[in-house]
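Asks: The structure's right below; bear with me while I get my questions together.
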Amino acid sequence: MVLKKSFLSVLAAVLVIIAGCGAGTNTTGAPSGENGNGGSGSEAAVFSTSEEQLAAWNEFTEGLKGKWQGKTLNIVSVSDPWVESMTGLIKQFEDLTGASVNVSQFGYDAAYSREILTGSEQSSADDLFVYDVPWVGALSQYLLPLNDRLQQSAVVVDYDDFFGVMQKASTWEDNLLGMPFAPYFVMLAYNTQHFETAKIDGPPATLDEYVGDIKAISENNDLPGVYGGVLNNQSGTAVGQAYFEYIYNAGGKPFESMYPGSEDPYADMTPLFSSPESLKVVKMFKDLLPYEPEGALNMSWNERASTFASGRAAMMQPWVTDIAPLSDPEKSTVTESYATAPAPTSEGVKQSAPVGGYSMGINRFSAQQDLAWDFLVWFTSPQMSYRFADTGGFPNRYSVLNDETLAGKYVYYTTEREIVDTAEAFFRPQIPESFEIIDTLGTHIGEYLAGTVGLEEAMAAADQEIGAMLKKAGYTVND
């Protein structure tokens, strides 16, 4: 069995409808209060949208007034930093509709497990699932296809405005399964003051420069207590995901048919974790351990971000969700001394931005699918997407990313504009086995980083275990 994911072919007719919605613009499409019926906020965002979309938005929000009085909507979500922004905006939906909205937050692994359990039990306890890009295959049987609903709400949703890669990432076997409200891209964040002190002229463009700069800063006597970099080295999911964040830009590929530009990424799932490029990436992880803070082997997302935010590390290569808080003086000491750049690549390798992040889809067993859809349309609209980005979230639409007011507030927008269309939806595999692949790979890499096995032994074991898993599941795996 070969699973094939075809992107958006069934949605073509919908996008034709949406494409016609751009004639004429209006800068009063603000999501707050009387300027757009988006809620009770008093400040008016200056935001450009088509007159047709604005009219549809006003009609939609007018129809929401008191519509769901006494109802309760339940959302399962990861506990990432943007949730604070989402929950702040949810109050407006509650005031507008009369509904109550509960957001149950879980750690990354626990959120996945909760959604799989809810779906497998055909439970209606949760109405909306927030899911990461690689979970879509595993959750596809539990998520409600949204194609027909999108067609009916095409003008107000303006789906074509979402990043192209996230449109693909939210679709499985021609079914749109969620609205891509929280896309993540990996980019380099670096401390400009530390670079100036170390007399390094700008961020590294290549992986060799990246390694060299980390070592040089760590060894610089003018930067006591400062480390050149901080990476996700924790065994399991963290370092397994880190591998995928580097392998394409290192000129390699994790599986035979999975590479930038592949027309059928799951056609041949023969693992290539023992390839020269893979070995070089994983060896780099270990070679850099002496130049990272104490406890580097246990570093994962939160520890990496807090280390950089405290000024103790000169570089990190995080998701954008960990970059936005760097501008908040309550969360960061580097508000005026950090910048971003595309992730470094091997010499001569074209940039392929790692992408992930979250869509929100409706539990197909929910008894409140209409309420859930109203929330999805409202929260992921151009109007509320602007507010989400402006209150601690990040851009999920081209219109938001290209807004100069927000770009002046968040320094990473310029970098994201440069890389957004270089990303591939299958950066991490989206097949049902994805979670197990990443965790298994990360376990073997973790054993090597801890020194219990050698590099070639660890990666050969990853090839064998993951290859056997995929072969048993019916994928093409060559010996």
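No value in this document is a laboratory result; all are computed from the given coordinates. As the structure is a computational prediction, the values presented were derived from the model and not from experiment. Cβ: placed from backbone, ideal geometry, glycine included. Neighbour counts: every protein chain shown.
Asks: Kirkwood hydrodynamic radius for region 107-240: how many Å is it when counted over pairs of different Cα atoms? Don't jump to the answer; show the numbers that get you there.
Replies: Values: mean 1/r = 0.0534 Å⁻¹.
About 18.7 Å, per the Kirkwood formula over Cα pairs.
Asks: Please work out the Kirkwood hydrodynamic radius for region 76-121, using every pair of different C-alpha atoms, and report it in angstroms with one decimal place.
Replies: On the way: mean 1/r = 0.0852 Å⁻¹.
Kirkwood radius, region 76-121: 11.7 Å.
Asks: Where both residues lie in the chain, what percent of DSSP beta bridges are antiparallel, nearest 5? Display every interim value, and only then the final one.
Replies: On the way: 25 of 37 bridges.
So the antiparallel bridges amount to about 70 percent of the total.
Asks: Could you let me know the centre-to-centre spacing of region 271-314 and region 425-479, using Cα atoms, in angstrom?
Replies: Taking the Cα centre of each part, region 271-314 and region 425-479 sit 19 Å apart.
Asks: Another question about this same structure. The chain: longest stretch without exposed trypsin sites (Lys or Arg not before Pro) (DSSP loop, at most 13 other Cβ within 10 Å), sites themselves excluded?
Replies: The longest uninterrupted stretch comes out as 200-349.
Asks: Over all directions, average the projected area of the Cα convex hull of region 168-218 and note it in nm².
Replies: Details: hull surface 22.6 nm².
Result: 5.6 nm².
Asks: Any chance you could tell me what percent of the C-alpha pair distances in region 84-177 go past 24 Å? Don't skip to the end; give the middle numbers.
Replies: On the way: 1401 of 4371 pairs.
That tail contains 32 percent of the Cα-Cα pairs.
Asks: Using the basic label-point model (7 angstrom from Cα toward the beta carbon), what is the LYS350 to ASP264 distance in nanometres?
Replies: Taking the simple label geometry, LYS350 and ASP264 are separated by 2.1 nm.
Asks: Here is a further query. Given a Förster distance of 45 Å, report the FRET efficiency between THR452 and SER124 from their Cβ-Cβ distance, rounded to the nearest 0.05. It would help to have the intermediate numbers written out before the result.
Replies: Values: r = 46 Å, r/R0 = 1.01.
So the FRET efficiency works out to roughly 0.50.
Asks: Using only alpha-carbon positions, what ratio does the radius of gyration of region 394-435 give when scaled by 2.2 N^0.38 Å?
Replies: Values: Rg = 13.6 Å, N = 42, 2.2 N^0.38 = 9.1 Å.
Compared with the compact-globule rule of thumb, region 394-435 sits at 1.50.
Asks: Between ASP201 and SER310, what FRET efficiency follows from the Cβ-Cβ distance if R0 is 41 Å, with the result rounded to 0.05?
Replies: Working: r = 25 Å, r/R0 = 0.60.
According to the calculation, E is roughly 0.95.
Asks: Quick one: order SER381, SER120, SER275 by neighbouring beta-carbon count within 10 Å, fewest to most. List each step's numbers first, then the result.
Replies: Numbers: SER381 29, SER120 10, SER275 18.
Ordered by Cβ neighbours within 10 Å, fewest first: SER120, SER275, SER381.
Asks: Which whole number in µm²/s is D for region 324-479 by Stokes-Einstein, with the Kirkwood Rh taken over Cα pairs at 25 °C and 0.890 mPa s? Spell out each step's value before the answer.
Replies: Values: Rh = 19.7 Å.
Approximately 125 µm²/s, per Stokes-Einstein.
Asks: Among TYR259, TYR210, what is the fewest-to-most ranking by other Cβ atoms within 10 Å?
Replies: Numbers: TYR259 18, TYR210 24.
If I rank by nearby Cβ atoms, fewest first, I get TYR259, TYR210.
Asks: Which of the chymotrypsin sites (Phe, Trp or Tyr not before Pro) found in region 85-172 are loop residues per DSSP with 14 or fewer other Cβ atoms within 10 Å of their Cβ?
Replies: Working: sites: PHE93, PHE106, TYR108, TYR112, PHE129, TYR131, TRP135, TYR142, TYR159, PHE162, PHE163, TRP172; in loops: TYR142, PHE163.
For chymotrypsin sites (Phe, Trp or Tyr not before Pro) across region 85-172 that sit outside H, G, I, E and B with at most 14 neighbouring Cβ atoms in 10 Å, the list is empty.
Asks: If you don't mind, another one. Round to the nearest 0.05 the FRET efficiency obtained for ASP222 and LYS283 when R0 = 22 Å and r is the Cβ-Cβ distance.
Replies: Numbers: r = 29 Å, r/R0 = 1.33.
Efficiency at R0 = 22 Å is approximately 0.15.
Asks: Here's a follow-up. Seen from all sides and averaged, what is the projected area of the convex hull of the Cα atoms in region 181-260, in nm²?
Replies: Values: hull surface 29.7 nm².
Its Cα hull, projected and averaged over all orientations, spans 7.4 nm².
Asks: Please list, by residue number, every one of the GluC sites (Glu not before Pro) in region 223-290 that is coil in DSSP and has at most 11 other beta-carbon atoms within 10 Å.
Replies: Values: sites: GLU245, GLU256, GLU263, GLU277; in loops: GLU256, GLU263.
Passing both the DSSP loop test and the Cβ count: GLU263.
Asks: Using just the C-alpha positions of the chain as equal point scatterers, what log10 of I(q)/I(0) does the Debye formula give at each q in 0.11 1/Å?
Replies: -0.91
Asks: For region 111-189, which GluC sites (Glu not before Pro) are both in a DSSP coil and crowded by at most 16 other Cβ atoms within 10 Å?
Replies: On the way: sites: GLU115, GLU121, GLU173; in loops: GLU121, GLU173.
Counting only loop positions with at most 16 other Cβ atoms within 10 Å, the GluC sites (Glu not before Pro) in region 111-189 are GLU121, GLU173.
Asks: Using alpha carbons only, how many angstrom separate the centre of region 328-368 from the centre of region 58-133?
Replies: 22 Å
Asks: Follow-up question, since we're still on this one. Taking Rh as the Kirkwood radius, which is the inverse of the mean 1/r over Cα pairs, what is the Rg/Rh value for region 245-331? Intermediate values should be presented prior to the final figure.
Replies: On the way: Rg = 16.4 Å, Rh = 15.2 Å.
With Rg and the Kirkwood Rh in hand, the quotient comes to 1.08.
Asks: Now a separate question. Placing +1 at every Lys and Arg Cβ and -1 at every Asp and Glu Cβ, with all other atoms neutral, what dipole size does region 48-128 have around its Cα centre, in debye to the nearest 20?
Replies: Working: 5 positive and 13 negative charges, 56 e Å.
Dipole magnitude for region 48-128 comes out near 260 debye.
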